[in-house]
Amino acid sequence: MRFINPSVHGVLDYVIVVALVLVSIAVGLSGLAAAIAYLMAAALLVMITAFPLGALKLLPLPAHSRIELFIGMSLLVCPWIFGFADDLMAMNVFVVSGFALLVLRLFSKLD
């Protein structure tokens with residue numbers, strides 16, 4: 001049941017990027033957790049996808065979808081892989097962001 005069209009998905013991608021950065025700042029992420037959060041946000045931001053809102057439109061939507069799946073799953077497991085799962089705020093930022101990205105991908109018409 002995919003009901004989010006590519007235009008709306010493109011807007012929501014930007015919303016997730018901004019939310020990831022602002023929430024990371026608001027909760028005071030630092031060190032490796034902050035660096036990874038900002039790196040993941042930057043990776044999402046610079047994807048040059050063939051969305052109506054995409055800057056250069058070089059990356060086809062199915063490729064964007066696969067990269068987004070990878071980033072979403074990566075966000076979910078980063079706290080345990082990089083050893084900051086004991087920081088509840090950092091873990092929550094990563095898990096909620098990863099889950100949001102995966103839900104967005106699940107309901108989007110990208111393939």
Exercise for the section: Run the accessible area of the chain with a 1.4 Å probe and give the carbon-and-sulfur part as a rounded percent. Expected result: 77
Fill in the blank from the handout: Taking PHE70, PHE82 and ranking on accessible area (1.4 Å, protein atoms only), highest first, one gets PHE70, PHE82
Practice task
Select from the chain the helices, each a whole stretch of DSSP H, whose alpha-carbon atoms run 18 Å or more along the helix axis and whose Kyte-Doolittle mean is at least 1.6; answer none if there are none.
Solution key: 6-26, 31-46, 88-106
Practice task
Return the Rg/Rh value of the chain, two decimal places, where both radii are evaluated on C-alpha atoms and Rh is the Kirkwood radius.
Solution key: 0.98
Problem - Full-extension gain in nm, LEU22 to ALA63, via 0.36 nm per residue minus C-alpha separation - result: 12.1 nm
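The values are calculated or read from the model by the stated rules, or taken from the named source; none is laboratory data. This structure is a prediction, so every number in the text was calculated from the model and none was measured. Note: areas computed on protein heavy atoms with side chains; ligands, DNA, RNA excluded. Shrake-Rupley method; radii C 1.70, N 1.55, O 1.52, S 1.80 Å.
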